[in-house]
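Following: one structure in structure tokens, then a few remarks.
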Amino acid sequence: MDIDLRFEPVTPERWKDFEALFGPRGAFCDCWCVALRLPHAVRTKMRPDERKEYIKNRIAAGPPPGILAYAGGQPVAWVQVGPRQDVAQFNSPRTVSRPLEESDVLDPSIWAVSCFFLSPSLRGKGFSHRLLKGAIDHARQNGALCLEGCPIDHTKQSKSVTLCIGSTAIFDAAGFEPVARRKHGRPLMRLNLLQ
């Protein structure tokens, strides 16, 4: 499918586009992309409208917590990408995505790409590769020296909701290298952006 994508950082001016893309269910079951921002115990006690308000306030506070992809002027996809320190649960010592070194959390040059969301019509058609490239370009343009992800090796189908974290195949294709494997099927991967 040949669709031109344009990427833009999600800013307060683009909130309506973010809201429209996520729809009435907040992307994945009212998550509103707060799963890696808040502890499970906090997040699960929040109503969907509270999660929505949380991410709206985060976008308003800046800097942009990710990028929106547009096709034909319409928002069609989202990638959460930014400094590791911005996604607290990605850094939790209990997670497979925890940093190699504790100091990585505070290093503004180490970024993470931690969530993908595509319009249903684009799923299973290879667009995740283009979204990851957009995230890489955004990270590089904003001073990141390396970008990390913690994708999943296999799913039953290419349209699986679990692919919100990305598949290992797209990270491999983009040049990411495994740097840790704390759980079967969930490598921590890194791309050096100075290359």
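Tabulated results
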item	result
Sites residue 105 and residue 182 - FRET efficiency at Förster radius 22 Å, r taken between beta-carbons, to 0.05	0.85
Stretchable slack from residue 61 to residue 195, in nm (0.36 nm times residue separation minus alpha-carbon distance)	45.1 nm
Protection proxy ranking, peptides 63-69, 76-82, average beta carbon neighbours within 10 Å, highest first	76-82, 63-69
Average projection area in nm² (convex hull over Cα atoms of the chain, one quarter of hull surface)	10.6
Rounded to whole Hz, the Karplus (6.51, -1.76, 1.60) HN-Hα couplings of segment 175-188, x for glycine and proline	x, 5, 10, x, 10, 6, 9, 8, 8, 4, x, 9, x, 7
Trypsin sites (Lys or Arg not before Pro) within segment 112-148, DSSP loop, no more than 14 other Cβ atoms inside 10 Å	125
At q = 0.20, 0.22 Å⁻¹, base-10 log of I(q)/I(0) for segment 1-54 (Debye sum, equal scatterers on each alpha carbon)	-0.77, -0.88
Structure-based [θ]222 nm, the chain - -39500 (n - 2.57) summed over DSSP H runs of at least 4, per residue, nearest 500	-7000 deg cm²/dmol
Convex hull of segment 52-126 built on C-alpha atoms - directionally averaged projected area, nm²	6.7
Cβ-defined net charge surrounding residue 84, 15 Å radius [Lys, Arg +1; Asp, Glu -1]	-3
The chain, dipole about Cα centre (Lys/Arg Cβ +1, Asp/Glu Cβ -1), debye to the nearest 20	660
Ranking of 181, 186 by count of other Cβ atoms within 10 Å, fewest first	181, 186
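Just so you know, all these numbers are worked out from the coordinates, no wet-lab data involved. Please read these numbers as outputs of a predicted model, since none were measured by experiment. Backbone-built Cβ (ideal geometry, glycine too); neighbour counts: all protein chains shown.
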